[in-house]
Amino acid sequence: MSQSKKYKPLSTSHEVDNVCPHCGAKTDQTSGVDSEHGPEPGSPSICLYCAGICIFTDELKLRVPLEHELFEIYMLKGWPEYEAVINFIKSQCVK
């Protein structure tokens, strides 16, 4: 008998007004898969409009990650999940 896999639901949305530094899309909320606390300074984020990887600043605004920060993101244990989200967003974008 196989056990059904339990998936962790998305955390609640948190209101954070922002602009994607890659595409200029305006956002007013953020959600996380692994946190109930909302964004923290230095946390990575993925734009749901362009799939750009961003970093939250101390003021919780989005900025483009520095090269060494991108490397650190790629080395995260959870990178395959980030990559799957990025690929899904890119597959949904109208070109």
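Which residues, taken from the stretch 51-72, are under 11 Å from the mean Cα position of the chain (by Cα) and at negative phi? Explain how you work it out, then say what you get.
Narrowing the stretch 51-72 to residues under 11 Å from the mean Cα position of the chain (by Cα): 51-56, 62.
Scanning the stretch 51-72 gives GLY52, ILE53, CYS54, ILE55, PHE56, LEU62.
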For this session: Pairs only if they're at least six apart or on different chains, beta carbon under 8 angstrom, first in the stretch 31-57 and over 22 Å from CYS93 (Cα atoms) and aromatic (Phe, Trp, Tyr), second part of a loop (DSSP other than H, G, I, E, B) and at pLDDT 75 or above; list them, first residue then second.
Result: PHE56/PRO39; PHE56/GLU40; PHE56/PRO41; PHE56/GLY42; PHE56/SER43
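Sort out which residues of the stretch 68-95 are of a type outside the set (A, V, I, L, M, F, W, C) and touching a Cys at 6+ places or on another chain (Cβ under 9 Å), and write them in order of number. Walk me through how you get there before you give the answer.
Within the stretch 68-95, the first condition is being of a type outside the set (A, V, I, L, M, F, W, C), and the residues that meet it are 68-69, 72, 74, 77-78, 80-83, 87, 90-92, 95.
Residue satisfying the conditions is LYS90 alone.
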Exercise. Which one is modelled with the lowest pLDDT among residues in the stretch 15-52 that are touching a strand residue (DSSP E or B) at 6+ places or on another chain (Cβ under 9 Å) and among the aliphatic types (A, V, I, L, M)?
Worked result: VAL16
Exercise. So which residues in the stretch 56-91 are surrounded by 14 or more Cβ atoms within 10 Å (Cβ to Cβ), aliphatic (A, V, I, L, M) and in a loop (DSSP other than H, G, I, E, B), if there are any at all?
Worked result: LEU60
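The values are calculated or read from the model by the stated rules, or taken from the named source; none is laboratory data. Computed from a prediction, not measured in an experiment: that's the story for all the values here. Note that we place each Cβ from the backbone using ideal geometry, even for glycine, and neighbour counts take in every protein chain shown.
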